[in-house]
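Q: Structure in structure tokens, see below.
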Amino acid sequence: MTETPEQPLSDEDAARHREKMVKRKAVQDARVAQATQEKGLLMVHTGPGKGKTTAALGMMLRTAGYGLRVGFIQFVKGNWATGEQAALARFADLIDHHVMGEGFTWDTQDKARDIAAASRAWDLGRRMLADPQYHLVVLDEINIVLRYGYLDVAEVLAGLNARLPDTHVLLTGRNAKPEIIEAADLVTEFQAVKHPFQAGIKAQRGIDF
């Protein structure tokens with residue numbers, strides 16, 4: 001199959017494009033000029049789709065790239081070997097990584113133990129939120145323990161609201177509580193369109209862990 005070469009733009013088409021882009025730039029510049037406020041953001045990654053923690057890791061890398069400190073607490077994932085553990089160890093001077101969970105609830109099968117682990121993780125999270133050395137605090141899969149009722153959502157919201165004014169915080173995990181979504185400045189919902197697990201493909205190194 002031979003491809004038809006693209007036809008060069010006519011002078012009229014090029015002029016219309018420039019005019020359109022000039023208008024778009026004016027609108028965008030006006031929006032940027034109006035956005036003058038600066039504050040520590042409360043951000044949420046939720047939804048049934050894959051990639052919530054992965055996206056959080058990208059934000060952490062961006063923050064560390066500016067020499068700013070990150071606190072990263074994993075509420076659910078157990079202490080099994082993952083690629084992010086090995087990678088984050090290389091940024092130990094800027095990223096404090098704490099695996100506080102003991103695995104998925106269907107693995108632990110011990111509700112009291114899961115609640116105790118969640119409480120320990122939240123105690124550390126509150127200390128990080130009150131510590132001026134942290135520019136970003138990531139509470140990975142805290143939405144899950146809130147959904148199960150292992151932490152009180154009102155208590156967590158009080159702790160989030162009491163954080164230092166310039167501290168950004170990111171909460172991940174599906175089924176974010178409505179109260180969390182209402183309080184957040186930024187909410188991104190990850191949708192599941194296709195997943196290899198549905199086709200019998202197992203979790204793979206470097207992609208899933």
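Q: Leaving ligands, DNA and RNA out of it, report the carbon-plus-sulfur percent of the accessible area of the range 40-192 at a 1.4 Å probe. The partial results should precede the final answer.
A: On the way: 3900 of 7370 Å².
The computed percentage sits at 53.
Q: Please give the per residue accessible area of the chain, computed with a probe of 1.4 Å over protein heavy atoms only, in Å². Can you show the working numbers first?
A: Working: 13440 Å² over 209 residues.
Averaged over the residues of the chain, the accessible area is 64 Å².
Q: Okay, next question. Which residues make up the longest stretch of the chain that has no trypsin sites (Lys or Arg not before Pro) in a DSSP loop with at most 14 other Cβ atoms within 10 Å?
A: Values: sites that count: Lys39, Lys194, Lys202, Arg205.
Between exposed loop sites, the widest span is 40-193.
Q: Further, regarding this structure: Each residue of the range 64-73 in turn: what ³J(HN,Hα) in whole Hz from Karplus with 6.51, -1.76, 1.60 and θ = phi - 60°, glycine and Pro shown as x?
A: Result, ordered by residue: 4, x, 8, x, 9, 8, 10, x, 10, 10 Hz.
Q: Let me ask something additional. Just to confirm the filter: which chymotrypsin sites (Phe, Trp or Tyr not before Pro) across the range 125-156 are DSSP coil and have at most 15 other Cβ within 10 angstrom of their Cβ?
A: On the way: sites: Tyr134, Tyr148, Tyr150; in loops: Tyr148, Tyr150.
Answer by residue number: Tyr148.
Q: Related question: Pick from His45, His168, His195 the residue whose mean-square fluctuation is largest in a GNM of the chain, springs joining Cα atoms under 10 Å.
A: Ranking His45, His168, His195 by mean-square fluctuation puts His195 first.
Q: What are the ³J(HN,Hα) values, in whole Hz, obtained from phi via the Karplus relation 6.51 cos²θ - 1.76 cosθ + 1.60 with θ = phi - 60°, for each residue of the range 145-156 in sequence order, with x given for Gly and Pro?
A: These are the phi-based 3J(HN,Hα) values: 5, 5, 4, 7, x, 6, 10, 7, 5, 5, 5, 5 Hz.
Q: I would also like to ask the following. Net charge around Glu155, counting only other residues with Cβ within less than 13 Å of its Cβ (Lys, Arg = +1; Asp, Glu = -1)?
A: Working: positive: Arg126, Lys177; negative: Asp123, Asp152, Glu179.
Charge balance in the 13 Å sphere: -1.
Q: Can you pick out the pairs among Lys77/Lys194; Lys50/Lys111; Lys50/Lys194; Lys39/Lys77; Lys39/Lys177; Lys111/Lys202 whose Cα atoms lie more than 19 Å from each other?
A: Lys77/Lys194; Lys50/Lys111; Lys39/Lys77; Lys39/Lys177; Lys111/Lys202
Q: Right, next: Candidates [x] 38, 25, 17; [y] 24, 18, 18; [z] 33, 20, 16; which is the computed semi-axes √(5λ) of the Cα gyration tensor in Å?
A: Correct label is [x].
The values are calculated or read from the model by the stated rules, or taken from the named source; none is laboratory data. Just so it is clear, the model here is predicted, and its values are computed rather than measured. Every residue, glycine as well, gets a Cβ built from its backbone with ideal geometry; the counts of neighbours run over all protein chains shown. These area figures cover heavy atoms from the full protein model, side chains too; ligands, DNA and RNA do not enter into them. Shrake-Rupley method; radii C 1.70, N 1.55, O 1.52, S 1.80 Å.
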